[in-house]
Amino acid sequence: MILAFIEHDRGAVSSLTLQMLAAARALSAQTGDPLHAIAGGGGEFQQLERQGVAHLHCFDHESLHEYAPTAWARCISRVIEQHKPSIVLAAATDRGNELMAWTAAITGVPLAVNCIHVRPGEPFQVIRQRYGGSLLEEANLHGSTRMLTTALHVFEPAEVENALPMTVETISAAADEKDRRARVVSREETQSAGVNLHTARVVVGGGRGVGSAEGFRVLEELAGVINGAVGGSRVATNNGWRPHAVQVGLTGNRIAPVLYIACGISGAIQHQVGCKGAKRILVINKDREAPFFRRADHGVIGDLHEILPALTAEIRKRKSAG
Ligand SMILES: Cc1cc2nc3c(=O)[nH]c(=O)nc-3n(C[C@H](O)[C@H](O)[C@H](O)COP(=O)(O)OP(=O)(O)OC[C@H]3O[C@@H](n4cnc5c(N)ncnc54)[C@H](O)[C@@H]3O)c2cc1C
């Protein structure tokens, strides 16, 4: 069997997991091994049926409802030891990579992260991204079980036609207290009104050039009229102008909107890693030599505090004219 880890927020399966499941399904078709999934935290996972999942292992003891990497990895490890899957996958999110690393450490199974291509068989080969995607590495994984995480925004999610019923198996064992030392203890909701960096078609990103937390108002107004989400460079998040959760880049989010509007961001490689999945990039910067212009599909040289309000006003005008 092939075992895929399902990342979700209180039952809502993440779009990045759906991408990973497309890769898992392709591997299932190539190897003939049925696709199983494993999820923690409780939730309504019937939609996984349409992703080609034949069987779901669900650890739903109350002590495992909130994310606890060691405790969750312990549950995944038990399923691996019991069922000996040929491949174990997760999406290469922070959580997916962390959990797979813990699971690999517990089970001793080899792990390759950020894979963009997997060729099962002997040798079992993967191509994976290193150094934020600036290097592609070919690697062979040995052993009867291989673990990997799939790079984000590489595989296209899709539903299967003629989905078969999925069976669900509940694992009710409690977590060992010592495995819950690191765990989620509370949540702070952002005020994103339904759109976030991963679901928005347009992301408006701001950097040092925005100047202050208040300066982000012009980005929020633009995002508001186009149903976009606001992100930030590391300078913007380090300065406390935006929450760290919306940082774009190597140590932040990897996003893939239809359009990324980068305002007052110079275009350091660590930032570009985060937005290279964007279909188009519009750069607004007052320095015509800013490196980001070399990656831009569209560019505006000028002060973002003049350009963004003008853009927002024009969009509002056109919208109200119908
Ligand atoms: C290990 C590591 C990991 C990192 N991870 C990340 C990451 O995940 N994300 C990330 O973003 N960075 C990351 N960085 C930092 C990265 O190297 C850059 O320092 C950072 O991206 C720069 O942010 P910035 O573009 O906002 O600021 P700057 O580089 O200072 O650029 C500001 C830009 O704003 C322009 N500007 C100024 N005023 C205006 C105005 N009024 N209108 C228009 N333009 C204006 C300037 O011309 C300039 O181009 C990382 C660095 C390291 C070493």
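In loop segments of the stretch 1-88 as defined by DSSP, the GluC sites (Glu not before Pro) with at most 15 further C-beta atoms inside 10 Å of their C-beta are E44. Helices in the chain, meaning DSSP H runs of at least 4 residues, each add -39500 (n - 2.57). Divided by all residues, the mean residue ellipticity at 222 nm is -8000 deg cm²/dmol. Counting lysine pairs in the chain whose alpha carbons fall under 30 angstrom apart, excluding pairs fewer than 8 residues apart on the same chain, gives 7. What the Cα convex hull of the chain gives, in volume per residue, is 146 Å³. Please work out the FRET efficiency for the pair V185 and R10, using the Cβ-Cβ distance as r and a Förster radius of 25 Å; give the result to the nearest 0.05. That pair, V185 with R10, gives E of 0.95. Taking the charge dipole of the chain about its Cα centre, with +1 at Lys and Arg Cβ atoms and -1 at Asp and Glu Cβ atoms, the residue from L311, P34, A12 reaching farthest to the positive side is L311. Here the stretch 202-320 was treated as a single set of alpha-carbon atoms; its pair distances binned every 5 Å from 0 give 2, 13, 25, 27, 21, 9, 2, 0 percent.
Judged by the mean number of other Cβ atoms found within 10 Å, the most tightly packed of the peptides 292-298, 226-232 leads the ranking 226-232, 292-298.
The length gained by stretching the chain between K286 and E137 to full extension, at 0.36 nm per residue less their Cα-Cα distance, is 49.9 nm. Calculate the FRET efficiency for K276 and N162 from the Cβ-Cβ distance with a Förster distance of 41 Å, rounded to the nearest 0.05. The calculated FRET efficiency here is 0.70. One decimal place: the segment H305-H244 gains 19.7 nm when fully extended, by the rule 0.36 nm per residue minus the C-alpha distance. So what is log10(I(q)/I(0)) for the stretch 2-180 at q = 0.13 1/Å, when the Debye sum runs over its Cα atoms only? At q = 0.13 Å⁻¹ the computed log10 ratios are -0.59.
Note on E177 and S144: with the Förster distance fixed at 30 Å, the Cβ-Cβ geometry gives a FRET efficiency of about 0.40. Build a GNM of the chain with springs between Cα atoms under 10 Å apart, and of P257, P34, P243 the one that fluctuates most is P243.
Testing the spin-label approximation: label points 7 Å from Cα along Cα→Cβ at R130 and Y67. State their distance in nm. Placing both labels 7 Å along Cα→Cβ, they lie 2.7 nm apart.
Spin-label model, E314/Q46: points 7 Å from Cα along the beta carbon direction are separated by 4.8 nm. Annotation note: trypsin sites (Lys or Arg not before Pro) in the stretch 94-193 located in DSSP loop regions with a Cβ neighbour count of at most 10 within 10 Å are R181, R187.
Across I116, I284, I106, mean-square fluctuation computed from a Gaussian network of the chain (C-alpha pairs under 10 Å connected) peaks at I106. Centroid-to-centroid, using Cα positions, the stretch 1-68 and the stretch 212-227 are 36 Å apart.
Quick note: the coordinates plus some simple rules give every number you see, no bench work behind them. Keep in mind that this is a model prediction, so the values were computed, not measured. Quick reminder, even Gly has a Cβ in these numbers, built from the backbone with ideal geometry, and neighbours come from all protein chains shown.
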